[in-house]
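Let me begin by presenting the structure, written as structure tokens, before commenting on it.
Just so it is clear, none of the values below were taken in a lab; they were calculated from the coordinates. Bear in mind that the values here come from a model prediction, so they are computed numbers and not experimental data. Positions of Cβ are backbone-derived with ideal geometry, glycine not excepted, and every protein chain shown enters the neighbour counts.
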Amino acid sequence: MALIEVKNAIKTYQTGDDSFNAMNNVSLSIEKGEFVAIMGASGSGKSTFMNMLGTLDKPNSGSYYLDGVDMLSLDSNELAEVRNVKMGFVFQGFNLISRTTALENVELPMIYKGIPEEERKIRAKEALKIVGLENREDHMPNQMSGGQQQRVAIARAIVNDPPLILADEPTGNLDTKTSIEVMEFFVKLNEKMGKTIVLVTHEPDIAEYCKRVVRFKDGNIISDEVKK
């Protein structure tokens, strides 16, 4: 069974008297353990598609199943629970809380899950170790480089051990060398930890790290290429 199953998804936005389809009858299936790049120009529909995968937005019609569960039938509390348990998010802007340490930032999803403090600390330390930041636990975001901050964000995304990682332009604010380091961590999460990763990027060299590339244009999927 596919981890992600989207069928005939249509998303229409209204601007004044005009309307346009940001997603135009999009269907896509992603198996467990895949590493997929979503590519396309600005306005192609890729961000709308990612927002739907992250249950931050709903299509006007069509269906979206995650791990066999109909996401469009859930209420806001149930969706929040799905996001916390089934998904880890990594954003271009890191989205760390500035006045808290790396360790406390990584603990955050577990607080929402109600995990006791002692276990939170153990798991947060383990997640930071996976991304090579065990010696930065007490550092604030402003005491870390952009690459280190993004690795803290990756640790936060994996600390609840979700099956799915959604990454939206995760190297967009990083230089080339740091981007390579961050992408190598995503490869490790995919190959060593079995995480399914869906990553939005407009950079072909970043997409090279992924095993499958899906391209959007004008709300449609125009190509879907699995690397040999």
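For percent of Cα pairs over 34 Å apart, the choices are [x] 55; [y] 14; [z] 11; which was calculated from the structure?
Correct label, based on the coordinates given: [y].
Per 0.36 nm of contour for each residue apart, how much would the distance between His202 and Leu108 grow if the chain were fully extended, relative to their Cα-Cα spacing? Don't skip to the answer; put the middle values down first.
Working: separation 94, 0.36 × 94 = 33.84 nm, distance 2.95 nm.
Taking 0.36 nm per residue and subtracting the Cα distance, the gain is 30.9 nm.
Between rounded, prolate and oblate, where does the stretch 25-95 land on the alpha carbon gyration tensor, with a ≥ b ≥ c its root eigenvalues, rounded for a/c under 1.5, else prolate if a/b exceeds b/c?
Rounded, because the longest to shortest axis ratio a/c is under 1.5.
Assuming a strict under-20 Å limit between Cα atoms, what lysine pair count do you get for the stretch 70-189 once near-sequence pairs (fewer than 8 apart, same chain) are dropped?
Lysine pair count for the stretch 70-189: 8.
Among Val187, Val36, Val198, which one shows the biggest mean-square fluctuation in a GNM of the chain, springs joining Cα atoms closer than 10 Å?
Of Val187, Val36, Val198, the Gaussian network model singles out Val187 as fluctuating most.
Antiparallel DSSP bridges in the stretch 108-228: what percent, to the nearest 5?
Working: 6 of 11 bridges.
Percent antiparallel among DSSP bridges in the stretch 108-228 is about 55.
Residue-wise, which Karplus ³J(HN,Hα) couplings in Hz belong to the stretch 110-115, taking 6.51 cos²θ - 1.76 cosθ + 1.60, θ = phi - 60°, and x for glycine or proline?
With coefficients 6.51, -1.76 and 1.60, one gets 6, 5, 4, 8, x, 7 Hz.
For Val90, what residues show an amide H to amide H distance below 5 Å, using hydrogens built from the backbone and excluding near sequence neighbours?
Leu166, Ala167, Asp168
Remind me, relative contact order of the stretch 1-107 in percent, using alpha carbon pairs under 8 angstrom and six or more residues apart? Provide the component values of the computation, followed by the final result.
Numbers: 128 pairs, mean separation 30.1, N = 107.
It rounds to 28 percent for the stretch 1-107.
Can you tell me the FRET efficiency between Asp218 and Leu72 if r is taken as the Cβ-Cβ distance and R0 is 25 Å, rounded to the nearest 0.05?
Efficiency at R0 = 25 Å is approximately 0.60.
Over the chain, calculate the relative contact order: mean separation of alpha carbon pairs under 8 Å at least 6 apart, over the residue count, as a percent.
Reported as a whole number, the value is 29 percent.
Helix 117-130 against the longest principal axis of the chain: what's the angle in degrees, Cα atoms only, rounded to the nearest 10?
Once rounded, one gets 80 degrees.
Roughly how many whole Å is it from the C-alpha centroid of the stretch 107-139 to that of the stretch 188-216?
Here the answer is 25 Å between Cα centres.
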